[in-house]
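These notes concern the structure reproduced below.
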Amino acid sequence: MSMMGSYRRISAGTLQRLRQNPGEIEPFLMSPILARFGGAFPIPKEFLSVVDHLPEELRRIALAKMESVRTMVAEFKPPASASGLPADSEPPPLDIEKAWHGLHFVLCGVAEEAPPPLGNAVLGGEPLGGDMGYGPCRFLTPEQVSETAQALSGLSVEEFRRRYDAAALDRADIYPRRWGTGPHELDWLADAFVEVSGYFRDAAAAGEAMLLYLT
């Protein structure tokens with residue numbers, strides 16, 4: 001399965017509430033998605049056509065999973081932010097999809113966690129809540145967001161592009177691997193750098209905290 005990197009700007013008050021109630025993390029992050037369905041989630045015909053050809057046990061499991069999604073949508077109630085407004089009234093998330101690991105490596109030069117402030121741009125933060133598939137969600141305080149935004153703003157797009165080394169990414173086994181085989185990989189990572197830098201800049205200007213997570 002793919003590993004997708006995402007960010008969510010939140011108020012300092014919302015972060016405080018989520019730290020006190022870590023079980024609310026996943027509903028909070030899923031609220032913008034679930035709210036779009038308006039309480040109804042019809043099972044796609046394409047899904048049923050595939051499921052019909054599965055062995056009975058796998059078919060039973062797949063239908064049960066889909067039914068659990070339908071139940072989640074039907075029972076969904078948007079969690080409130082610390083301000084009392086629905087969670088989806090806060091700034092929308094930023095999804096950089098599979099670019100997260102390459103972005104981190106170009107910024108920090110290592111595959112694993114790295115020192116702040118640049119190390120906080122992708123793999124930083126303190127764990128919060130349960131496993132979301134590839135580890136727990138992590139959070140940065142408003143102070144850490146500000147420090148990270150300043151560090152990112154000190155790096156130009158041109159310098160970011162100069163740091164890119166496809167062979168080095170390949171040697172470090174950076175996800176999603178096979179670097180240097182496509183003509184637009186550098187543009188893809190540079191675009192992610194611009195998006196993340198802007199997202200941190202806007203969050204810092206608003207005095208916000210940040211959630212970072214892989215799904």
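Here is how the numbers come out for the structure above:
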| read-out | value |
| --- | --- |
| Lone qualifier among P91, P86, P78 - being within 30 Å of Y199 (Cα to Cα) and modelled with pLDDT of 85 or more | P91 |
| So P127, is it part of a loop (DSSP other than H, G, I, E, B), of a type outside the set (A, V, I, L, M) and surrounded by fewer than 18 Cβ atoms within 10 Å (Cβ to Cβ) | no |
| Only one of T141, T181, T148 that is over 30 Å from R17 (Cβ atoms) and not charged (D, E, K, R) | T181 |
| Helices (runs of 4 or more DSSP H) (entirely within segment 131-215) containing at least 3 residues that are closer than 26 Å to R9 by Cβ and over 15 Å from the mean Cα position of the chain (by Cα) | 142-153, 157-163, 185-205 |
| Selection count, segment 91-103, where residues are surrounded by 16 or more Cβ atoms within 10 Å (Cβ to Cβ), under 19 Å from R9 (Cβ atoms) and out of contact with any strand residue (DSSP E or B) (no Cβ under 6 Å at 6 or more places or on another chain) | 2 |
| Close pairs (6 angstrom Cβ cut-off, 6 or more residues apart or separate chains): without any contact (Cβ under 8 Å) to a residue 60 or more places away in the chain in segment 163-188, surrounded by fewer than 11 Cβ atoms within 10 Å (Cβ to Cβ) and assigned to a helix (DSSP H, G or I) anywhere | none |
| Residue match in segment 179-196 (condition: closer than 23 Å to P93 by Cα, surrounded by 20 or more Cβ atoms within 10 Å (Cβ to Cβ) and modelled with pLDDT under 95) | no |
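The values are calculated or read from the model by the stated rules, or taken from the named source; none is laboratory data. As the structure is a prediction and not an experimental result, all values here were calculated from the model. FYI the Cβ positions are ideal-geometry reconstructions off the backbone, even for glycines, and counts take in every protein chain you see.
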